[in-house]
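Input: a single structure, listed below in structure tokens.
Laboratory data are not the source of any read-out in this text; all were calculated from the coordinates shown. Remember, it's a predicted structure, so these values are computed and weren't measured experimentally. Neighbour counts run over all protein chains shown; Cβ positions are idealised from the backbone, glycine included.
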Amino acid sequence: MRLISKLGLVLVAVIAASLSACGGGGGVDPVTITAINLNPSTVAAGSIVTLSASISAPGQSVSSLVKNWTVSAGSLTADQPDFSLLLRETARGASAASVSTTANSVYWVAPATAGSVTITVQVDETIKTQNITVGASPVTLSVTSGAGGGKTCTITAHDVTDLYQVAFRLSFTSAWSPDSVAIGGFLGDAGDILELSMTNQNGFVPVAITRKGNVAGVNGTGELASIEFSPSGSSSSVSQADVPFVLEIMDMRDSNDDPISFD
């Protein structure tokens, strides 16, 4: 009897220690999300931002957990954007979107206009929400009238530092037809840069410009490109209350291939 009693005490002690190690309930410690991280940390209208979360999950692999991301404006993708994003007709940044992935990062195309946006990430039952301000873009669009009722859209970078490459798209309404793209000299002369632009897409003109070689980026303010439009056959005039041209999906990188952050 004494042997059985001692054995029983030993078993009770082992079980108690096991329960204590598991938090007393025998389950897995809950997931905690301490922060939502943005790169670049300040967001400009139309820019592409990498989103990630600081997650603690004792006893679990964070990389195996499903992260459910939602933004109140703009659009999300689980795949890292490249210039093909600008070429795709489906790559619009105007509506709310969500994406679920086990990847540690997702990519957000911020809305084309400044304002407040709510970002949410959920892992299991844990939810983290952050409100952020989307600021005005350092790249602006000006529209002037030309001969025959045409329009010239000029895209200009303002007060940038170490700008090495930029990609963007200009959307337009069906009242207009793009004729040509002229690359500005801000990032360098023709021999200093590589550029790609297209005027045969449905509703938008994509433009990408990069400097060549192991050189520094450009500082200051200057013209990136100008795009000429003619009235389409269906309309020769557009109300001034309309917004026929919108600059969107902006990717700006420095000479280290890092996203440029703006204060």
Just need the relative contact order of the range 122-182 here, percent rounded to a whole number, with Cα pairs under 8 Å and 6+ apart. 22 percent
By a straight-distance test (C-alpha under 19 Å), which aspartates and glutamates pair with LYS151 as possible cross-link partners, with residues fewer than eight away in the same chain excluded? ASP179, GLU223, GLU228, ASP242, GLU248
Straight-line reach from LYS67: which aspartates and glutamates have a Cα under 19 Å away, not including same-chain ones fewer than 8 places off? ASP29, ASP79, ASP124, GLU125
In whole angstrom, largest first, the equivalent ellipsoid semi-axes that the Cα gyration tensor gives for the range 139-253 are 28, 13, 12
Across 10 Å bins from 0, what is the distribution of all Cα-Cα pair distances for the range 32-135, in whole percents? 15, 50, 28, 7, 0
Please order ARG169, ARG88 by the number of other Cβ within 10 Å, starting at the fewest. ARG88, ARG169
